[in-house]
Amino acid sequence: MSTDAWLTLLVTIGAAAVLVRGWFPPSAALFGATVSLLLLGVIEADQALAGFSNPAPFTVAALYLVARAAERTGALTPTIARLLGRGDRERLAAARLLVPTAASSAVLNNTPIVAMISPVVTSWADRVGAPASRFLMPLSFAAILGGTVTVIGTSTNIVVAGLLEESGFEPIGMFEIARVGLPMLVVGLGVLLVAAPLVLPDRRGLRRRFEEESRSFVVDMTVEDGGVLDGEEVEAGGLRHLEGVYLVQIERRGDLITPVSPTTVLRGGDLLRFVGRADRVLDLRNTAGLESSHEEHIAELERGQSTFFEAVIGQASPLVGRTLREVEFRGNYQAAVVAIHRAGEPLNAKLGTVRLRLGDTLLLLADPGFRDRWYDRQEFLVVSRLDGIEPKRAGTAVIALAVVAGIVLTATFGVLDILEAALAGGVVLVLTRVLSTTEARNAVDLDVVITIASAFGLAAAIETSGLAVDLADGVVEAFGGLGPRGVLLGIIIATIVLTELVTNNAAAALMFPIAIAASATTEVDPRGMAIAVAVAASASFLTPIGYQTNTMVYGPGGYRFTDYARLGTPLTITVVALLVWLIPVFWEASPPL
């Protein structure tokens, strides 16, 4: 390999390591990699900045507005609530949920769709006694599959479309990807409906635990020095038979007393740990002789003016790797953390000292305006009320749906190109007051937009340095014995593995030049190879961290990390098999010279 190719490889590996470790957001990792390659002389300034003049990131930004409008107006909520029915037949209810979810995901961004529908599904499951875990993961997977039907179905498709156009090819048509996306959606939904009830266990999510489990939530209180409980036995002090609350341990000068007997004598300064239903542990603040501990995050919020929320920590959240105490959560977010759920289980630890991780679900007690303040911020991937009731904007859902239909129709029939249609739709939503200017600004995920724009520079470096050809030769050598479809298989597998490690947009940008280079030595059309990369980069079904919607349902569904592979493995095999079969059928190429 050339010097430039080695430099590009090292920088790319470094960026991938940063993404995998979560040290910086994807935008910072890819932008930093692009700037590094510019300073090293691998690419020129116009190549490094090409993504910021390409329509792709601006199209994605405009479509975020449209998707947010559909979510904020609750456009799909009544339909989903009616379709779910009474829950008497699980597979029938799942079909009623997954089909409209996939259909809407074909024209709207996946993330707001899952954010809008998942609270409805969870509330419905709790009401009818069905396990929410059997529905939330399939909901996320159906949204991913639906995004493969149109070019605007997911930002990954738009990234590949922009890269393809940048390389001199014709733009991808609105429904061109549907040649493979639609068969994959139909078969994929069939796999979900058959396999989900068989392989997904009945996991209790945070909401169901909140309602049913009496020992899920932890609160620490301190015995007042000289107070009425100082010197009293536990039972005599009235702490033995509290309703819905249980005293599990006492910490005294660094020593733990557990289990706690009824005759244990309390001393001033003792740290008492209670577990119980969150609405019950709040009553401890009214117990004479106890005071709030500095570790205790249920502050003095009046219950009549407070609401429970669940919030999921996303990849770009500044809370990742930090503790509640470090970020001064109570003061900065005006909310009390009642519990932290991780990998399907509540953490039985001092909440203030827990370092937050991607996918953690926080149970919060806050004023009713908490969601409006923090919903559009990077701190939380999704915020929803625990009762599943979100305020909707009456009369505006029709406008939002009309804008979606207008974008699809004008782009499909060539009246406007996709960027123009999306921008026009965004302007209409603001002018009609469906979204305020502040909401429109906050709706755009700048991390995704900058990631996409930066990815163009990194892709240019992989191509111009010769690294793409070198890596493509390696794929051809490894899989070429299986023929053109074998090379295609190698590209698809590499893309799927990469998208589980980094982000879908980054995986698409990194694999695109390699796929195009590989197509030059096979009978697979470069256009078909690019579409295979777009679809494979979205096919993240194996982990909760490979795709945002998977992370969003991780905590609320009560899932463990390995649960995703149970359902995701047969679905991934299905996607790979269909792509390898259908891509050469629809996109033929002349034999290489």
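The values are calculated or read from the model by the stated rules, or taken from the named source; none is laboratory data. Computed from a predicted model, the values in this text were never measured in an experiment. Note that we place each Cβ from the backbone using ideal geometry, even for glycine, and neighbour counts take in every protein chain shown.
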Go through Gly474, Gly466, Gly457, Gly480 for me and flag whichever is farther than 26 Å from Leu578 by Cβ and either in contact with a Pro (Cβ under 8 Å, 6 or more places away or on another chain) or at pLDDT below 85 (or both).
Gly466
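Sort through Gly369, Gly289, Gly314 and tell me the only one that's modelled with pLDDT of 75 or more, touching a Gly at 6+ places or on another chain (Cβ under 8 Å) and among the small types (Gly, Ala, Ser).
Result: Gly289 is the single residue among Gly369, Gly289, Gly314 that is modelled with pLDDT of 75 or more, touching a Gly at 6+ places or on another chain (Cβ under 8 Å) and among the small types (Gly, Ala, Ser).
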Condition check: assigned to a helix (DSSP H, G or I), over 30 Å from the mean Cα position of the chain (by Cα) and either among the small types (Gly, Ala, Ser) or surrounded by fewer than 24 Cβ atoms within 10 Å (Cβ to Cβ) (or both). Does Val497 satisfy that?
no
Condition check for Val18: among the β-branched types (Val, Ile, Thr), within 22 Å of Leu419 (Cβ to Cβ) and at pLDDT below 85
no
Qualifying helices (runs of 4 or more DSSP H) (wholly inside segment 49-140; at least 1 residues being at pLDDT 85 or above)
55-72, 90-105
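Given the condition of a type in the set (Val, Ile, Thr), under 30 Å from Phe141 (Cα atoms) and at pLDDT 85 or above, answer yes or no: does some residue in segment 195-205 qualify?
Yes - at least one qualifying residue is present in segment 195-205.
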Can you name the residue in segment 431-452 that is more than 30 Å from Val35 (Cα to Cα) and either touching a residue at least 60 places away in the same chain (Cβ under 8 Å) or crowded, with 24+ Cβ neighbours inside 10 Å (or both) and is also nearest to the chain's Cα centre (by Cα) among such residues?
Glu439
All positions within segment 28-47 that are buried (at least 18 other Cβ atoms within 10 Å of the Cβ), in contact (Cβ under 8 Å) with a residue 12 or more places away in the chain and under 28 Å from Val320 (Cβ atoms):
Ala29, Leu30, Phe31, Ala33, Thr34, Ser36, Leu37
Does Thr438 meet the test of being among the polar types (S, T, N, Q), touching a Gly at 6+ places or on another chain (Cβ under 9 Å) and over 27 Å from Leu571 (Cα atoms)?
no
Against the condition more than 19 Å from Gly555 (Cα to Cα), modelled with pLDDT under 75 and in a loop (DSSP other than H, G, I, E, B), how does Glu300 come out, does it pass?
yes
Quick one: in segment 317-347, which of the residues that are within 21 Å of the chain's Cα centre (by Cα), modelled with pLDDT under 80 and not in a strand (DSSP E or B) is surrounded by the most Cβ atoms within 10 Å (Cβ to Cβ)?
Gly344
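Taking the condition of being modelled with pLDDT of 65 or more and in contact with a Ser or Thr (Cβ under 7 Å, 6 or more places away or on another chain), how many residues in segment 206-234 meet it?
Within segment 206-234, residues that are modelled with pLDDT of 65 or more and in contact with a Ser or Thr (Cβ under 7 Å, 6 or more places away or on another chain) number 5.
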Looking at segment 395-407 only, could you name the residues that are surrounded by fewer than 19 Cβ atoms within 10 Å (Cβ to Cβ) and within 25 Å of the chain's Cα centre (by Cα)?
Leu401
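Please determine, by comparing only the residues of segment 543-566 that are hydrophobic (A, V, I, L, M, F, W, C) and buried (at least 24 other Cβ atoms within 10 Å of the Cβ), which one is nearest to Pro138 (Cα to Cα).
Initial filter on segment 543-566 (hydrophobic (A, V, I, L, M, F, W, C)): 545, 552-553, 561, 565.
From the residues that got through so far, the ones that are buried (at least 24 other Cβ atoms within 10 Å of the Cβ) too are 552-553.
Numbers: Met552: 12, Val553: 10 Å.
Among residues in segment 543-566 that are hydrophobic (A, V, I, L, M, F, W, C) and buried (at least 24 other Cβ atoms within 10 Å of the Cβ), the one nearest to Pro138 (Cα to Cα) is Val553.
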Check every one of the helices (runs of 4 or more DSSP H) wholly within segment 399-489 and list those with 1 or more residues that are closer than 30 Å to Glu379 by Cβ.
418-431, 437-443, 446-464
Quick one: is Ala532 modelled with pLDDT of 90 or more and over 22 Å from the mean Cα position of the chain (by Cα)?
yes
Test Pro25 against the stated conditions and say whether it is in contact with a strand residue (DSSP E or B) (Cβ under 8 Å, 6 or more places away or on another chain), surrounded by 15 or more Cβ atoms within 10 Å (Cβ to Cβ) and of a type outside the set (A, V, I, L, M).
no
Can you tell me which residue within segment 141-169, out of those that are part of a loop (DSSP other than H, G, I, E, B) and without any contact (Cβ under 8 Å) to a residue 60 or more places away in the chain, is farthest from Val107 (Cα to Cα)?
Gly168
